[in-house]
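Below is one structure, written out as C-alpha cells; comments come after it.
The values are calculated or read from the model by the stated rules, or taken from the named source; none is laboratory data. Keep in mind that this is a model prediction, so the values were computed, not measured. Glycine gets a Cβ as well: all are built from the backbone with ideal geometry, and neighbour counts include every protein chain shown.
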Amino acid sequence: MKSFSLLFCLIIGITNVPAQSGIFNVREIKIEKTYDEISPLGKYRYDSVSYTVAKEQTAYMYETFSYKSDEFEVEGYSCKPLNSEGKKLPVIIYNRGGTGNIGKLSEEDLPDFYWLAKYGFVVFASNYRFVGELGKVDQSGGDDVNDVINLFEAVQTLDFVDSENIFMMGVSRGGMMTYQSIRQVTVKAAAVIAGVADLRLQAEKRPIFITGWSDLDEEFNYEGLQNILPEFEKNRNQHFDKRSAVVWADEIKSPVYILHSRQDGRVPVDGALNLSLKLNELGKPYKLKIYDEKSHGLPYSKFDSFEEIIAWFKSHMT
C-alpha cells in the first residue's frame, strides 16, 4: 500500500507540473572565435579591437535561452551584467535582420549586444520561429511578430528587469518587426537601423523576397512570400499593408528614432523618409538621421549609430 501511495503521489506531482513560461533553458556561453576566425561580414561589423574587448571582457555574461511563443519554443541570446542580483535594469529588445537562416543569431552578434549592454542595459534578442528547417518558409513579419511580443512579455517576469524601462531596436528586417511590435505594445522608445518601412517599395527594388531563391546552400534557400503566405495574389495588398509602417503610422505607440544611409543598397532610404513624413504629419514623436556613406547596417565600429541610439533611449528613461 505504501508503494502504491508513493507512486500515486509521484503521478499527481508530474501531472501538476506547470507549463514553462517566461525565460527558461538559460545557458551561459562565450565568444570562442578569434577575430581572424569570424566571417567577412563580422569583420565589416567590428574592428579587431572592439571585437577582442567584447570577447575578453569579464563584467558581462552572454547567455542563450528559450521562451514560449504560441506553440513554439523560440531561442534567443542575451547579455547582462555578471552581477544583476538585487538590481532593476532597463532592457533593450534587439530584433535581428535577415530571412530564415540568413542572419540567424550566433556568437558573432554578441559584440553588438555587449556594446549596448555596457551602457547599463540588459539585451535580449530573439531568433524568431522561422529558423532551422522552417527557415525557408519565413513569414518575415507574419506570425513571427508574436515572437517579439512574447519576448517583451517574458522578460518582464525576470526579477532584475525594470519593466518600466523597456526599449526596442531593430536592424533591416528587424526594423519591420520593431514597427509591427510597437503597433501592438508600448515601449519607452524604439530605434530602427535600415528598417523596411514599406514592403511595396522593397518588393519593387528587391523582388527576390517575394519570389524566393534556390541558388544557395539548402539551409539558406527561401521559398519567397508569394509561395508561403495564403492566397498571396488575392491578399497581396493585405500582406503588404501588414508589413508596411507607412500605411499605419498613426498606430505606432512609441517614440522612434530612424537611422538609415541614403546609399543603402539593400533597403532603399525612401521608405524611411516616407515614414518620417507620415510621423511628422501625425505629430508623432520621432527622430531621423540620414547618413551619406554607403552602408546597410551602420555598424558601431564605423558609425555613431549605437551612440545615437543609447542617447535616445536614455533621454526617454524614467
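Rundown of residues vs (1) closer than 17 Å to C79 by Cβ; (2) of a type in the set (D, E, K, R); (3) surrounded by fewer than 22 Cβ atoms within 10 Å (Cβ to Cβ); (4) in contact with a Cys (Cβ under 6 Å, 6 or more places away or on another chain), yes/no style:
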| position | (1), (2), (3), (4) |
| --- | --- |
| Q139 | no, no, yes, no |
| D147 | no, yes, no, no |
| T157 | no, no, yes, no |
| M176 | no, no, no, no |
Checklist entry - Within the set of pairs 6+ apart or on separate chains, which have a first residue in the range 145-169 that is over 19 Å from L82 (Cα atoms), a second that is of a type in the set (D, E) and at pLDDT 95 or above, and C-beta atoms under 8 Å apart? => result N146/D70; N150/D70
Next on the checklist: Would you confirm, using the coordinates I've provided, whether V196 is over 22 Å from L298 (Cα atoms) and β-branched (V, I, T)?
Outcome noted: no
Checklist outcome for this item: For the range 222-241 the number of residues that are basic (K, R) and within 11 Å of A203 (Cβ to Cβ) is 1
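For every residue, the table says whether it meets (1) surrounded by 14 or more Cβ atoms within 10 Å (Cβ to Cβ); (2) under 18 Å from V145 (Cβ atoms); (3) basic (K, R).
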{"site": "E204", "(1), (2), (3)": "no, no, no"}
{"site": "P207", "(1), (2), (3)": "no, no, no"}
{"site": "N227", "(1), (2), (3)": "no, no, no"}
{"site": "P230", "(1), (2), (3)": "no, yes, no"}
{"site": "I252", "(1), (2), (3)": "yes, yes, no"}
{"site": "S261", "(1), (2), (3)": "yes, no, no"}
Checklist entry - Got a number for residues in the range 40-53 being within 30 Å of G142 (Cα to Cα) and buried (at least 18 other Cβ atoms within 10 Å of the Cβ)? => result 2
Checklist outcome for this item: When restricted to E56, E28, E37, E32, the only residue farther than 17 Å from F113 by Cβ, at pLDDT 95 or above and surrounded by fewer than 16 Cβ atoms within 10 Å (Cβ to Cβ) is E37
Checklist entry - Is it the case that the range 282-297 has a residue that's part of a helix (DSSP H, G or I) and either surrounded by fewer than 18 Cβ atoms within 10 Å (Cβ to Cβ) or more than 20 Å from the chain's Cα centre (by Cα) (or both)? => result yes
Checklist entry - Considering only helices (runs of 4 or more DSSP H) fully contained in the range 153-242, which possess at least 1 residues that are aromatic (F, W, Y)? => result 173-181, 208-211, 236-242
Item to check | Subset of the range 18-62 (residues that are outside any loop (DSSP other than H, G, I, E, B) and of a type in the set (S, T, Y)) | outcome: Y35, Y44, S48, S50, Y51, T52, Y60, Y62
Item to check | So L259, is it under 20 Å from the mean Cα position of the chain (by Cα) and at positive phi | outcome: no
Checklist entry - Inside the range 143-194, can you point out the residues that are closer than 21 Å to D112 by Cα and of a type in the set (G, A, S)? => result G170, S172, G174, G175, A189, A190, A191, A194
Checklist entry - Exactly one of (1) surrounded by fewer than 24 Cβ atoms within 10 Å (Cβ to Cβ); (2) acidic (D, E); (3) touching a residue at least 60 places away in the same chain (Cβ under 8 Å) is unmet by D109. Its number? => result (3)
Next on the checklist: Give me the residue from the range 79-116 that is among the hydroxyl-bearing types (S, T, Y) and in a strand (DSSP E or B) and, out of that set, nearest to Y222 (Cα to Cα).
Outcome noted: T99
Item to check | Filter result for the condition that a residue is closer than 21 Å to G135 by Cα, without any contact (Cβ under 8 Å) to a residue 12 or more places away in the chain and of a type in the set (D, E), over E218, E223, E204, E233 | outcome: E218
